[in-house]
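Below is one structure, written out as structure tokens; the observations come after it.
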Amino acid sequence: MTEVKAVDRHVDDDDAARSAPASGALRRAPEIVATILRFGLAGVWIVAGALKVDDPQSMVRSVRAFRILPESLVHPVAYATPFVELALGILLLLGLAVRAGALLSSVLVAVYLGAIISAAARGLRIECGCFSSGGDLQSGAPTHYTSEIIRDSALVVASLALARWPRAYLTVDRWLDPQES
């Protein structure tokens, strides 16, 4: 009778050993996903800001085309936007103040999303300027509101997920706070 128990115990130990790597991978999954989200959002912000930073007049046209801001705010917003996007991208890339960066990302994308929805609802025919020069479209040129709304909605969800679960690999935050490791 004792031999049977010994055999059963051996089988149970093997099952536990096989499931241990899986549980370790599952335990690390949120940090892996957060790292992917962080690098993805960083890339989006860096590319968006870099495409706009050397052409402030295009940004002015883009901001003005939405017809939301008073003219006195068009230039300051247009000039600041690429630098805010670049700074946000760099913060996320470095993993410095990840939760704050992700919250700022979600707010910024939500503002962009609201502006695009507003333009579509008011029948404006504009290019958003997210990754291009933006401004009013030529007659007959198609709008891309649906794809822009889907893209920005996904970016809001990704940003909020990162804000909720900011613990990620390869971050300055972890280096500054060893208890995070």
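The values are calculated or read from the model by the stated rules, or taken from the named source; none is laboratory data. Keep in mind that what you see is a predicted model, and the values were worked out from it rather than measured. So basically every Cβ, Gly included, is an ideal-geometry build from the backbone, and we count neighbours across all protein chains shown.
Data for the structure
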read-out: Among residues of region 122-181, those that are closer than 24 Å to Gly49 by Cα, assigned to a helix (DSSP H, G or I) and either touching a strand residue (DSSP E or B) at 6+ places or on another chain (Cβ under 6 Å) or free of Cβ contacts under 8 Å to residues at least 60 places away in the same chain (or both), counted; value: 13
read-out: Among residues of region 102-117, those that are without any contact (Cβ under 8 Å) to a residue 60 or more places away in the chain and over 15 Å from Ser153 (Cβ atoms), counted; value: 1
read-out: Residue within region 40-48 that is surrounded by 19 or more Cβ atoms within 10 Å (Cβ to Cβ), modelled with pLDDT of 95 or more and of a type in the set (Val, Ile, Thr) present; value: yes
read-out: Cross-chain or 6+ apart pairs with Cβ under 7 Å, region 58-70 first and in contact (Cβ under 8 Å) with a residue 12 or more places away in the chain, then in a helix (DSSP H, G or I) and polar (S, T, N, Q); value: Met59/Thr81; Ile68/Ser118
read-out: Unmet requirement for Ile116, which otherwise passes all of (1) within 15 Å of the chain's Cα centre (by Cα); (2) within 21 Å of Val63 (Cβ to Cβ); value: (1)
read-out: Leu155, sole failed condition from (1) surrounded by fewer than 14 Cβ atoms within 10 Å (Cβ to Cβ); (2) at pLDDT 85 or above; (3) of a type in the set (A, V, I, L, M, F, W, C); value: (1)
read-out: Failed item in (1) in contact (Cβ under 8 Å) with a residue 60 or more places away in the chain; (2) assigned to a helix (DSSP H, G or I), with Leu96 passing the rest; value: (2)
